Amino acid sequence: MISPDKIIKEKRVTEKSAQLEANMNQHVFEVYPQSTRTEVAEAVEKLYGVKVARVNIFTVKGKNKRSRTVRGQYGKTPDMKKAVVTLQQGESIDTV
């Protein structure tokens, strides 16, 4: 098994994730691409010391980008896997 700090890459902080935190007690993380729901739940519980109620995982496809230096050359930003973690009632993660 992979260590918890490698499964959870970073906490995503956006307007939408801030609303999820405030209203629904859900937190959004960018996770290792081959990780599963149970691995993500265990990693969050170990890193933050909270109880996880539910984990939803989805893959965000990278965008196609055009090169600025070579005409007609296209590239792609990398794909990313995100997890929306719902915490049990009364649990919270302190963010600084």
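The values are calculated or read from the model by the stated rules, or taken from the named source; none is laboratory data. Please read these numbers as outputs of a predicted model, since none were measured by experiment. No Cβ is skipped: glycine too gets one built from the backbone with ideal geometry, and neighbour counts run over all protein chains shown. Heavy atoms of the whole protein, side chains included, go into the accessibility calculation; ligands, DNA and RNA do not. Shrake-Rupley method; radii C 1.70, N 1.55, O 1.52, S 1.80 Å.
Points to keep in mind about this one:
- Only a single criterion out of (1) more than 17 Å from Tyr32 (Cβ to Cβ); (2) in contact (Cβ under 8 Å) with a residue 40 or more places away in the chain; (3) not small (Gly, Ala, Ser) is not satisfied by Arg71, namely (2).
- Flag if Arg68 is in a strand (DSSP E or B), open to solvent by 100 Å² or more (accessible area, probe 1.4 Å) and of a type outside the set (Val, Ile, Thr): no
- Check on Lys46, basic (Lys, Arg), closer than 19 Å to Lys6 by Cβ and surrounded by 11 or more Cβ atoms within 10 Å (Cβ to Cβ): yes
- Total residues in segment 14-36, condition open to solvent by 90 Å² or more (accessible area, probe 1.4 Å), without any contact (Cβ under 8 Å) to a residue 24 or more places away in the chain and either hydrophobic (A, V, I, L, M, F, W, C) or closer than 11 Å to Ala83 by Cα (or both): 0
- Here Ser92 fulfils each of the conditions (1) among the polar types (S, T, N, Q); (2) exposed (fewer than 11 other Cβ atoms within 10 Å of the Cβ); (3) in contact (Cβ under 8 Å) with a residue 60 or more places away in the chain apart from (2).
- Being among the aliphatic types (A, V, I, L, M), at negative phi and assigned to a loop (DSSP other than H, G, I, E, B) holds for only one residue in Val44, Val50, Val40, and it is Val50.
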